[in-house]
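A.B. asks: Sharing a structure with you now.
Where a number appears in this text, it was derived from the coordinates with a stated rule and is not lab data. In this text the structure is predicted, and so the values were computed from the model without any measurement. As a convention, Cβ positions derive from the backbone with ideal geometry for all residues, glycine included, and neighbour counts pool all protein chains shown.
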Amino acid sequence: MAIETLPEPSIPVTTPFRPKLGFLTATPIIATASICLGLIILMAILAPLLAPHDPQLLLPAQRLKPASATFLLGTDAYGRDVLSRIIYGARISLLIGLGAAVFSIGIGLLIGLVSGFFRWVDAVMMRVMDGLMAIPSILLAIAVVSLSGASLTTVLVAITIPEIPRVARLVRSVVLSAREEPYVEAAISVGTSLPKIMWRHLMPNTVAPLIVQGTYVCASAILTEAILSFLGAGISPETPTWGNIMAEGRAYFQVKPSLIFWPGLLLSIAILSINLIGDAARDALDPRMKQREAGK
């Protein structure tokens with residue numbers, strides 16, 4: 001008598017995330033934000049070619065000069081070319097923003113995955129995250145910089161630490177809902193290894209929310225770096241950053257307000273553009289937003 005064998009049940013896997021960049025031109029406002037951010041990134045990359053002067057070159061005889069053919073945006077109190085310092089300052093600001101986004105997402109993703117899957121880890125880890133979130137991010141960053149000294153690495157660490165709990169809680173919430181799905185329970189029941197469950201079934205669910213969160217972290221980090229530099233707790237003053245340029249220019253605001261206006265304008269454009277792109281990414285990646293648009 002032949003015994004019919006049943007086929008081995010297949011465990012569905014979440015669909016791999018394939019980003020579509022069409023949302024960058026979804027509306028004229030988003031398209032304008034994408035162009036502005038792209039130009040700022042291009043300016044930072046090509047800074048050695050675009051800057052007309054050395055941003056750290058001191059020319060005391062040329063201090064506080066108005067705009068001219070030689071110095072297109074004039075000079076600061078030390079005779080340094082303002083335009084060159086603004087161009088090079090974009091490098092530091094974007095580096096801080098991108099670095100904080102990458103490191104906070106990487107560490108927060110690991111903490112959120114483990115906390116969301118293991119309840120005993122969650123009870124301890126989330127209390128630590130709550131403690132970090134209870135401290136104002138600016139005060140925590142100032143404390144870290146004061147203890148370790150002002151440098152690019154220290155400022156990056158100081159800005160990244162307050163962002164980790166927000167990312168971790170976001171990932172944890174996604175994992176808590178995803179681990180109750182039938183395909184995850186099926187994977188556990190057939191003995192699938194834990195790393196495979198997290199990599200193939202849980203992590204793909206976090207990609208879209210993390211992309212959106214990453215844009216907000218990037219914008220927040222750029223603003224925080226400018227605040228730290230403006231308060232004198234950021235990167236060393238001779239390093240060209242938008243915050244340092246504004247911090248040095250506040251003493252001469254009545255004489256030459258452009259020392260604050262131009263770096264402040266670029267800082268505002270960069271943060272606004274990143275936030276608008278983040279909102280567009282959220283609308284494009286959130287299925288509920290698509291259902292609402294389809295129902296209209």
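A.B. asks: Out of curiosity, is residue 88 under 25 Å from residue 228 (Cβ atoms) and not in a helix (DSSP H, G or I)?
C.D. replies: No, not satisfied.
A.B. asks: Turning to a different aspect of this structure: Looking at residue 75 and the list (1) out of contact with any strand residue (DSSP E or B) (no Cβ under 7 Å at 6 or more places or on another chain); (2) among the hydroxyl-bearing types (Ser, Thr, Tyr); (3) free of Cβ contacts under 8 Å to residues at least 24 places away in the same chain, which single condition is not satisfied?
C.D. replies: (1)
A.B. asks: Just for helices (runs of 4 or more DSSP H) wholly inside the range 172-271: which have at least 3 residues that are of a type outside the set (Val, Ile, Thr), touching a residue at least 60 places away in the same chain (Cβ under 8 Å) and closer than 29 Å to residue 63 by Cβ?
C.D. replies: 204-230, 242-249
A.B. asks: A follow-up question, please. Specify the residue that is surrounded by the most Cβ atoms within 10 Å (Cβ to Cβ); the eligible residues are those in the range 177-229 that are among the small types (Gly, Ala, Ser) and under 20 Å from residue 163 (Cα atoms).
C.D. replies: Applying the filter and picking the extreme gives 221.
A.B. asks: Could I ask something else about it? Those residues that are surrounded by fewer than 20 Cβ atoms within 10 Å (Cβ to Cβ) and hydroxyl-bearing (Ser, Thr, Tyr), I need them from the range 267-284; list them, please.
C.D. replies: 268, the sole residue that qualifies.
A.B. asks: Looking at the range 113-149 only, could you name the residues that are of a type in the set (Gly, Ala, Ser) and in contact with a Leu (Cβ under 7 Å, 6 or more places away or on another chain)?
C.D. replies: Those that are of a type in the set (Gly, Ala, Ser) and in contact with a Leu (Cβ under 7 Å, 6 or more places away or on another chain): 116, 141.
A.B. asks: Further, regarding this structure: Only one of (1) free of Cβ contacts under 8 Å to residues at least 24 places away in the same chain; (2) within 18 Å of residue 234 (Cβ to Cβ) fails for residue 106. Which number is that?
C.D. replies: The failed condition is (2).
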